[in-house]
Amino acid sequence: MSDDHLRRAILAQVDRLRPGTTCCPSQIARDLVTDWRSLMTPLRQAALDLAAEGRIRVTQKGRPAGPAPRGSIRLAAPEPGLPPGNEG
């Protein structure tokens, strides 16, 4: 699955979120393929790239995730008014 396809799927899911809510990247992977675990690494990287561009936020335990988070992350809409690269 291409990086562009993953990016579009992430943006579509984040756009569907209610204000103030987040989603788990694994839900996006599950919606795309049956063997969703194989998509988690590229999907997480695509999400981190989108966050660096300011298009989404990637959080961990409610705080902005670093550039290489370990463990569970959540995806959310960007904070209004923040410049790209300051996703949280």
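The values are calculated or read from the model by the stated rules, or taken from the named source; none is laboratory data. What you see is a predicted model, and the numbers here were worked out from it, not measured in a lab. Here the Cβ is made from the backbone with ideal geometry for all residues, glycine too, and neighbour counts use every protein chain on show. The accessibility values were calculated without ligands, DNA or RNA, using every heavy atom of the protein model including side chains. Shrake-Rupley method; radii C 1.70, N 1.55, O 1.52, S 1.80 Å.
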ask   = Within segment 78-85, is there a residue that is modelled with pLDDT of 95 or more, within 24 Å of R18 (Cβ to Cβ) and of a type outside the set (S, T, Y)?
value = no
note = Restricting segment 21-41 to residues that are open to solvent by 40 Å² or more (accessible area, probe 1.4 Å) and under 11 Å from the mean Cα position of the chain (by Cα), the one farthest from D4 (Cα to Cα) turns out to be T22
note = Given the conditions (1) open to solvent by 80 Å² or more (accessible area, probe 1.4 Å); (2) in contact with a helix residue (DSSP H, G or I) (Cβ under 8 Å, 6 or more places away or on another chain); (3) touching a residue at least 24 places away in the same chain (Cβ under 8 Å), every one holds for Q13 apart from (1)
message = Testing S72 on (1) of a type in the set (G, A, S); (2) on the phi > 0 side of the Ramachandran plot; (3) in contact (Cβ under 8 Å) with a residue 40 or more places away in the chain, one condition comes back false. Which one is that?
response = (2)
query = When you look at R44, is it under 9 Å from the mean Cα position of the chain (by Cα), at pLDDT 95 or above, basic (K, R) and assigned to a helix (DSSP H, G or I), yes or no?
reply = yes
